[in-house]
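The values are calculated or read from the model by the stated rules, or taken from the named source; none is laboratory data. Model, not experiment: these values are computed from the prediction. Please note: Cβ atoms are built from the backbone with ideal geometry, for glycine as well, and neighbour counts cover all protein chains shown.
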Amino acid sequence: MKMDDFNEILENFEKENGFSTMPEVVSDVLYSLESDRTALNDVAKIIKKDPGFAANILKYANSGAYLLSRAVFTVEQAVRTIGLGPLKGLCLALPVFTKFRHVPGVGEIWDHCRATAVCCQTVARAINFSEPDIAETSGLLHDIGKVVLAVSAANFFQSQIQVADSPDRDPDWRQEKKVLGFNHCFIGAWFARKFRLPSILVDGILWHHEFEKSSYGRDLTCLTFIGDQLAAAIGRAHPDFVFVEPEFERALSHMKIDNHLLPGILQDCITRIDMIAA
Ligand SMILES: [Fe+2]
Ligand SMILES: [Fe+2]
């Protein structure tokens, strides 16, 4: 890894107040989530102190990311719907994606991450994965490193968007490694460590394109990759690489998702993502 370039990109991002100026409400929520005794209503109370943030949480709960029999109207209902685990990831993701939504490509990365979270949720349910909340969070945060590239390595990132659908190109993460010496997965893992996310989640973000390298939670990492690839397969790809990777098949077989299970999962993902679009 070219450490100097890596540090320079992170420094440039911090100059834009990238990760360091999380709204006060986020640090308060994160602090409260550190305690095992925190109840849903305590978290809702904190969120309500920031009406703008509360509105974003409500919007997300009603966005189609969850199967709801009726609309969610209160922050308490929204927190209950999202769950405390995924809420932590959402609290970290929302300010970053909101702050940089004007940067070309960031809106598409957010769409892709939301779709990936839904696909991870869907797969986790279909295979009875033991930690569906962590899978959803991993899907939501897996490409947060791309926001840093879009903001602080803009020329490189835009050049990748130009060739996103070129048939002979390398996948995004390989190309980033080749040109920059590191990739969005390394940046995402740095972010996850900075905000003290559990090791299993750091691993899920770090190795989501190379799940066999994961040592803390290979199944979660593999599931994150499957969610990412399903999102791409149904038209919610990254702005800088639109194809499904050949390793997808190996990942499916690692999670024992065979040809009987896959069509149902795919159909559920399409239905759920159509709900988000609607
Ligand atoms: Fe990725
Ligand atoms: Fe992705």
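Yes/no per residue for (1) without any contact (Cβ under 8 Å) to a residue 40 or more places away in the chain; (2) in a helix (DSSP H, G or I):
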{"position": "L68", "(1), (2)": "yes, no"}
{"position": "A71", "(1), (2)": "yes, no"}
{"position": "Q77", "(1), (2)": "yes, yes"}
{"position": "P86", "(1), (2)": "no, yes"}
{"position": "L90", "(1), (2)": "no, yes"}
Subset of segment 224-248 [within 14 Å of the chain's Cα centre (by Cα) and of a type outside the set (A, V, I, L, M)] = T224, F225, G227, D228, Q229, R236, H238
Residue list for segment 1-41, restricted to those being over 22 Å from the mean Cα position of the chain (by Cα), under 12 Å from V79 (Cα atoms) and surrounded by 15 or more Cβ atoms within 10 Å (Cβ to Cβ) | L40
The lone condition E108 fails out of (1) crowded, with 21+ Cβ neighbours inside 10 Å; (2) within 16 Å of ligand 1 (Cβ to nearest atom) is (1)
In segment 186-234, which residues are over 24 Å from P23 (Cα atoms) and not in a helix (DSSP H, G or I)?
-> W207, H208, H209, E210, S214, S215, Y216, G217, I234
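Could you pull out the residue among V118, V96, V103 that is β-branched (V, I, T) and assigned to a loop (DSSP other than H, G, I, E, B)? Can you show your working first?
Numbers: V118 fails: assigned to a loop (DSSP other than H, G, I, E, B); V96 fails: assigned to a loop (DSSP other than H, G, I, E, B).
Criteria check complete, one pass: V103.
Mind telling me which of the residues V96, V103, V151 ends up being over 10 Å from the mean Cα position of the chain (by Cα) and within 16 Å of ligand 1 (Cβ to nearest atom)? Talk me through it step by step, then tell me what you get.
Numbers: V103 fails: within 16 Å of ligand 1 (Cβ to nearest atom); V151 fails: within 16 Å of ligand 1 (Cβ to nearest atom).
Exactly one of V96, V103, V151 is over 10 Å from the mean Cα position of the chain (by Cα) and within 16 Å of ligand 1 (Cβ to nearest atom), namely V96.
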For segment 150-179, how many residues meet the condition of being in a helix (DSSP H, G or I), within 21 Å of E245 (Cα to Cα) and hydrophobic (A, V, I, L, M, F, W, C)?
-> 4
Residue in segment 139-148 that is more than 14 Å from ligand 2 (Cβ to nearest atom), of a type outside the set (S, T, N, Q), closer than 30 Å to D28 by Cβ and part of a loop (DSSP other than H, G, I, E, B) present | no
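To keep it simple, each residue is scored yes or no on (1) outside the structural domain of D4 (by TED's automatic domain parsing); (2) within 13 Å of ligand 1 (Cβ to nearest atom); (3) in contact with a helix residue (DSSP H, G or I) (Cβ under 8 Å, 6 or more places away or on another chain); (4) without any contact (Cβ under 8 Å) to a residue 24 or more places away in the chain.
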site	(1), (2), (3), (4)
L141	no, yes, yes, no
V147	no, yes, yes, no
K194	no, no, no, no
P198	no, no, yes, no
H208	no, yes, yes, no
F211	no, yes, yes, no
When you go through (1) crowded, with 21+ Cβ neighbours inside 10 Å; (2) within 29 Å of F157 (Cα to Cα) one by one for A61, which number turns out not to apply?
-> (2)
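To keep it simple, each residue is scored yes or no on (1) closer than 20 Å to A278 by Cβ; (2) of a type in the set (A, V, I, L, M).
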site	(1), (2)
I82	yes, yes
L92	no, yes
V96	no, yes
A115	yes, yes
Q121	yes, no
D143	no, no
State yes or no: is S138 among the hydroxyl-bearing types (S, T, Y) and within 15 Å of the chain's Cα centre (by Cα)?
-> yes
Can you name every residue in segment 207-233 that is among the aliphatic types (A, V, I, L, M), within 13 Å of ligand 2 (Cβ to nearest atom) and either more than 21 Å from I276 (Cβ to Cβ) or surrounded by fewer than 18 Cβ atoms within 10 Å (Cβ to Cβ) (or both)?
-> A233
